[in-house]
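Each remark here refers to the structure printed beneath this line.
The values are calculated or read from the model by the stated rules, or taken from the named source; none is laboratory data. Since the model is a prediction, treat every value here as computed from it, not as a measurement. Heads up, the Cβs are rebuilt from the backbone with ideal geometry, glycines too, and the neighbour counts pull from every protein chain shown. Heavy atoms of the whole protein, side chains included, go into the accessibility calculation; ligands, DNA and RNA do not. Shrake-Rupley method; radii C 1.70, N 1.55, O 1.52, S 1.80 Å.
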Protein chains: 2
Amino acid sequence: MCLPSGLQSIDAKAMKKRITLSDVAAAAGVSKMTASRALRGTGDVSRSSMEKVGRAAKEIGYVGNHLAMSLASRRSDLIGVVVPSFLNVVFAEVLSGIAESLDGSGMQPVFGVTDYDPDREYEIIRNMLSWNPAGLIITGLDQPDETLQLLENADVPVVQIMDLDGTPVDACVGLSHHAAGASMAEALIAKGRRRFGYVGCGLDRDTRARKRFTGFKEALSAHGLALKTTWTGPGPSTVKAGREFTAQVLETHPELDCIYYSNDDLAVGGAFHCIAAGINVPEALVIAGFNGLDLVESLPVRIATSRTPRREIGNAAARIILGSDRDDPATGGTRTEFRPEIETGL
Amino acid sequence: MCLPSGLQSIDAKAMKKRITLSDVAAAAGVSKMTASRALRGTGDVSRSSMEKVGRAAKEIGYVGNHLAMSLASRRSDLIGVVVPSFLNVVFAEVLSGIAESLDGSGMQPVFGVTDYDPDREYEIIRNMLSWNPAGLIITGLDQPDETLQLLENADVPVVQIMDLDGTPVDACVGLSHHAAGASMAEALIAKGRRRFGYVGCGLDRDTRARKRFTGFKEALSAHGLALKTTWTGPGPSTVKAGREFTAQVLETHPELDCIYYSNDDLAVGGAFHCIAAGINVPEALVIAGFNGLDLVESLPVRIATSRTPRREIGNAAARIILGSDRDDPATGGTRTEFRPEIETGL
DNA sequence: ACTGATATCGATACCGGTATCGATAACATT
DNA sequence: AATGTTATCGATACCGGTATCGATATCAGT
């Protein structure tokens, strides 16, 4: 504010020239090239200059510039990860698994959120490609053609996660949601349930939930059964919505002995309603979700769920990217299947 | 595998040369510079070449290269965001808020996870700085000196989020956790509670939870009260841990009429235990958490919590970065305070 | 016809690194 | 002593864009 501060600020700004590799080289008394080699630890540098450069870099606080590095070497250590939402714990765990497996590899994940919007997904992928990442991990197999073309044109390994029902661009790792829905139906029928209802949210946007729903219905049909009622809402899957929808469904269909939800968040809401309404879960009514959230196993009542290995999916995806050789088109094309464990709670 | 396929692969690789601005310029019959200007929409380009370039770019599928762009223009549209964990919904919502406010600004958030490890935080920040981002959003005010120095040397606007109890590098937005702990104690005392217990997880790493704890205890002291018992565990805050710890605490201290938890995850676990054990919540025992998770309002029993505005904090942080002018050191230094709403459930 | 202003464009020099290849020195080989 | 090897290093040409400034064309004014 006062004069000295003003002067100092000008001074500081003048000083604030980015410290470059040339500065390090000058300080160490070697050429830029030698400094570059020394800092990267590639061979062909004497021990003495190695030390000189290291010391100089530390001394003047050299940070390096990934932009220049990646541009010059035509490769970056970024891995683009595209998921529909952060709010869903499931994706949070996948991301966590990815970060875990990437740790120590020198690769850095960059996350993008599509909010289940295909247009936004296209934009995000396009944006990520412009950083020419070492790889891309994207959610699902149901991208629109335009997006697929983008991915195919780009010379980047792509791993599609979570889903297996469809054709991957390159590699994919996940599980068959159609099969998951079907086996939940099988398991519940085997436990004697007959009068099923369904509650789902955001099915228009969540293609995987839709696949589970279809698989579930088909398995019922195969046993000569059908859903007594289907309640779907547009909003996001929340515990609150689960609780409200369950109350409404049970009002019109008190005869149900099982409700299948599009996921655990809704199912937990259903469980809360039952607890509050004094409905005996699971004897009188089975609440069945999907994902096997940690939360579920601590619930005061036992509900059914399919435990999906989120962290493992993230791990596997990251490892595929790490193992894929950009110059060898033969890499990739792998298909890694996980099978959810079904828990009926009965 | 067979010859033609091999040949094609070689061919495809030869074709797979990155499409650059020069290609677009050639296709449009203008210079690189004109193509650059046309694509960016900066002035000084005739309508006709604008269209030619646009068409050519679309036709040959030009994607652009952020690396080169950022390097040449010495500015990037990346915003680095550093949080301790994805698994905590709170941070997921903050990230979501950041992404929301950044949407349409042309800025892209890049997320890093520290796992509550200061060394990793240092590395992540260092790595982010090497992409010279337009700004940095980091969690908390308690970075080690080394990290602070890194931040101060870098010529990048920094916003520290979540916490206000301390001195920010530049701007900060969040709430006082010390005050939040204290006001929860005040509110509970006002409701007639006297026999308090505390359950917390990961306090060694979560400095903000520690501040709440301290604030809580100090407020109790001010009323001549003290905690009857303190139960702290090392692991992460999970619902499961909350349920187990609560069972154990109540076994030795059945006289408690209120338990304060380090956050809502643990508190929800506590609520689950009480439901399962038939303990009357909140009349017989108040369960008090922190954060005001959506989940909490759907619970079959009412628990106390402090509603923190996660999304708003994210929004505010993003807007500070967007509004900060890199060349004007006067920007920043703002301190944006949010006050949590307290809900006692009584 | 000449001048000046305005609109449009391109040549060139970078941004901060890396790839490549040739130069140099030190040492071993015959 | 002449030659070959190996280890180390630096000059130079990029990577794919943008900044800058000067060149050219067009048109109005006189």
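List of remarks:
Table: residues versus (1) closer than 30 Å to A:LYS211 by Cβ; (2) out of contact with any Asp or Glu (no Cβ under 7 Å at 6 or more places or on another chain); (3) open to solvent by 20 Å² or more (accessible area, probe 1.4 Å); (4) within 11 Å of chain B (Cβ to nearest Cβ).
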{"residue": "A:LEU67", "(1), (2), (3), (4)": "no, yes, no, yes"}
{"residue": "A:LEU87", "(1), (2), (3), (4)": "yes, no, yes, yes"}
{"residue": "A:PRO109", "(1), (2), (3), (4)": "yes, yes, no, yes"}
{"residue": "A:GLU123", "(1), (2), (3), (4)": "yes, yes, yes, yes"}
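- Only listed residue being buried (at least 24 other Cβ atoms within 10 Å of the Cβ) and over 25 Å from B:SER237 (Cβ atoms), chosen from A:ALA288, A:ALA271, A:ALA267, A:ALA277: A:ALA288
- The one condition in (1) more than 21 Å from the chain's Cα centre (by Cα); (2) closer than 24 Å to A:GLU123 by Cα that A:ILE161 fails to fulfil: (1)
- For the range A:38-52, the set of residues classified as within 11 Å of DNA strand C (Cβ to nearest atom) and among the basic types (Lys, Arg) consists of A:ARG40 only.
- Within the range B:72-85, the set of residues being within 15 Å of DNA strand C (Cβ to nearest atom) and buried (at least 20 other Cβ atoms within 10 Å of the Cβ) comprises just one member, B:SER76.
- Pairs meeting the criteria (first residue in the range A:40-56 and in a helix (DSSP H, G or I), second residue surrounded by fewer than 17 Cβ atoms within 10 Å (Cβ to Cβ), beta carbons under 8 Å, at least 6 apart or on different chains) are A:LYS52/A:GLY29.
- Each residue in the range A:44-90 was checked for being of a type in the set (A, V, I, L, M) and within 16 Å of DNA strand D (Cβ to nearest atom), and 11 pass.
- So A:LYS217, is it open to solvent by 10 Å² or more (accessible area, probe 1.4 Å) and in contact with a Leu (Cβ under 8 Å, 6 or more places away or on another chain): yes
- Only strands (runs of 3 or more DSSP E) whose full extent lies in the range A:159-260 are considered here, and the ones with at least 3 residues that are without any contact (Cβ under 8 Å) to a residue 60 or more places away in the chain are A:229-233.
- When the residues of the range B:32-43 are filtered to those that are near DNA strand D (Cβ under 9 Å from one of its atoms) and surrounded by 14 or more Cβ atoms within 10 Å (Cβ to Cβ), the one that is farthest from the other protein chains (Cβ to nearest Cβ) is B:ARG37.
- Verdict on B:VAL63 being more than 8 Å from chain A (Cβ to nearest Cβ) and either away from DNA strand C (no atom under 16 Å from the Cβ) or assigned to a helix (DSSP H, G or I) (or both): no
- Single condition A:ILE79 does not satisfy, out of (1) within 11 Å of chain B (Cβ to nearest Cβ); (2) closer than 25 Å to B:ASN65 by Cα: (1)
- Within the range A:111-121, the residues that satisfy the criterion of being under 20 Å from A:ARG208 (Cα atoms) and open to solvent by less than 40 Å² (accessible area, probe 1.4 Å) are A:GLY112, A:VAL113, A:THR114, A:GLU121.
- Residue match in the range A:143-158 (condition: buried (at least 23 other Cβ atoms within 10 Å of the Cβ), within 26 Å of B:VAL94 (Cα to Cα), more than 11 Å from chain B (Cβ to nearest Cβ) and in contact with a Leu (Cβ under 9 Å, 6 or more places away or on another chain)): no
- Every residue from the range A:216-260 that is under 23 Å from A:ALA187 (Cβ atoms) and within 14 Å of chain B (Cβ to nearest Cβ): A:SER237, A:GLY242, A:PHE245, A:THR246
- Residue count for the range A:17-31 under the criterion of being more than 6 Å from DNA strand D (Cβ to nearest atom) and surrounded by 13 or more Cβ atoms within 10 Å (Cβ to Cβ): the result is 9.
- Exclusive hit being surrounded by fewer than 23 Cβ atoms within 10 Å (Cβ to Cβ) and under 25 Å from A:VAL110 (Cα atoms), set A:ARG339, A:ARG310, A:ARG319, A:ARG302: A:ARG319
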